[in-house]
1. From the list 21, 78, 99, exactly one residue is more than 19 Å from residue 132 (Cα to Cα) and either within 13 Å of ligand 2 (Cβ to nearest atom) or part of a helix (DSSP H, G or I) (or both). Which is it?
2. Of the residues 143, 81, 44, 73, only one is on the phi < 0 side of the Ramachandran plot, exposed (fewer than 14 other Cβ atoms within 10 Å of the Cβ) and modelled with pLDDT of 95 or more; which?
3. Checking residue 83 against (1) closer than 20 Å to residue 144 by Cα; (2) not in a helix (DSSP H, G or I): exactly one of these is not met. Which one?
4. I want to confirm something. Restricting to region 111-126 and keeping residues that are part of a loop (DSSP other than H, G, I, E, B) and within 8 Å of ligand 2 (Cβ to nearest atom), which single residue is nearest to residue 25 (Cα to Cα)?
5. For the structure I just gave you, tell me whether residue 28 is assigned to a strand (DSSP E or B) and either touching a residue at least 40 places away in the same chain (Cβ under 8 Å) or farther than 19 Å from residue 120 by Cβ (or both).
6. Just to check your reading of the model, which residue among 33, 17 is in contact with a helix residue (DSSP H, G or I) (Cβ under 7 Å, 6 or more places away or on another chain) and free of Cβ contacts under 8 Å to residues at least 40 places away in the same chain?
7. So residue 130 clears everything in (1) at pLDDT 95 or above; (2) within 16 Å of ligand 2 (Cβ to nearest atom) except one condition, right? Which one?
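The values are calculated or read from the model by the stated rules, or taken from the named source; none is laboratory data. In this text, all values refer to a predicted model and were calculated from it rather than measured experimentally. Glycine gets a Cβ as well: all are built from the backbone with ideal geometry, and neighbour counts include every protein chain shown.
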Ligand SMILES: Nc1ncnc2c1ncn2[C@@H]1O[C@H](COP(=O)(O)OP(=O)(O)O)[C@@H](O)[C@H]1O
Ligand SMILES: [Mg+2]
């Protein structure tokens, strides 16, 4: 059982500010590693957080990513002010992207961000209002194959 130290922080994200994006992802990854969370869980949280941060940076005006760690659960909620998503089902389709040329030139805009989030998160929900903004809610819990660090060593009788 993973007992995360309670933590809650909102990270601001500014549209177009690529050099600032990714802070929530690297911070949550560092915090999970420091608490000996399973590496695979930390990786899933970091990947999904990075994708949701980049989406605000690429597609919205401004927003924030809220990270809450409690017990064995990590919640990542992104809220932005921006154009919103007219057709969420279409946006979730792998390969679909409206990323502008500027983003593509930097290697973003493959249209796989939402697919990555869906794969990594244990709970995933997108809600959006056109002309107002988008909210992405994700939750992460240790999966059965993600043991607490060192657990598999102890169980196998080595060391
Ligand atoms: N925060 C957002 N605000 C507005 N549109 C968004 C947002 N996030 C995603 N989208 C829309 O969903 C599409 C798919 O997103 P994603 O799978 O991350 O691919 P990519 O970011 O590479 O385009 C985007 O191209 C965009 O049209
Ligand atoms: Mg994306």
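1. Of 21, 78, 99, the one residue that is more than 19 Å from residue 132 (Cα to Cα) and either within 13 Å of ligand 2 (Cβ to nearest atom) or part of a helix (DSSP H, G or I) (or both) is 21.
2. Within the list 143, 81, 44, 73, the selection yields 143.
3. So the condition that residue 83 fails would be (1).
4. Within region 111-126, the match that is nearest to residue 25 (Cα to Cα) is 112.
5. Here the answer is no, as residue 28 does not meet what is asked.
6. 33
7. (2)
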